[in-house]
Amino acid sequence: MHETARNLFAAWESFYVIIGSSAAALTGLQFVVMALVADSERRGGVNEIAAFGTPTVVHFCSALLLSAVFTAPWPSYASASRVVTIAGLAGLFYTAVVFRRARTQTGYKPVFEDWLWHTLLPAVAYGVILVGGVMLADETGPAPFSIGGAALLLVFIGIHNAWDTVTWVTIQALSANAPPAAKPAPGPAAAPPEKANRADG
């Protein structure tokens, strides 16, 4: 392993240990989310889960993969560069698949926030990873910072999307269990005019 590559990966080891352990632990969060969805009265179908549930696990796993890449004893920058570039390209392709699934599913109508966090921001993150992977082969430039920032963004995206699903399920459950609004009892103001006249006379 070249000395420059060894120094680079050693410098980022603590950062990626935090990112990797967080991503691995937070993957379990999505299992809890799916259990809540299964227990809710309004369950999502396969298409909804594929569009809004599975990508969260994929983003956590992508961050975990990048953490493994930057803590592995690579012989050179070029070896790590190829893996990071492929990961970024695969992420962009998967984001396009998620976008298509979100458009074709019929169980939920996405709003702008959904498009932002489920397609736009992941596309930005994987695009940065792709470019950073190409730049990493040159052993120069801000590639490690770009890749690290994108990995952190993927973790944030996963946390947001998992929390968004939990809040949606909670609101749906509260709405379903809320008692119907009681009709107000008719008061004197609601009495027919003839009855009011009889009362005065």
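Every number here is computed from the coordinates shown, using simple stated rules; none is lab data. Here the structure is a predicted model, which is why all the values come from computation and not from measurement. Cβ: placed from backbone, ideal geometry, glycine included. Neighbour counts: every protein chain shown.
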Practice prompt. Beta carbons within 10 angstrom, averaged per residue: use that to sort the peptides 74-81, 125-132, highest first.
Written response: 125-132, 74-81
Worksheet item: Okay, which of region 50-89 sit inside 19 Å, backbone N to the point 7 Å along the Cα-Cβ direction of residue 32?
Response: 53-61
Practice prompt. Report the extension gain between residue 166 and residue 104 in nm, rounded to one decimal, defined as 0.36 nm multiplied by the number of residues separating them, less their alpha carbon distance.
Written response: 20.1 nm
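Taking R0 as 22 Å, what's the FRET efficiency between residue 97 and residue 25 from their Cβ-Cβ distance, rounded to 0.05?
FRET efficiency, residue 97 to residue 25: 0.25.
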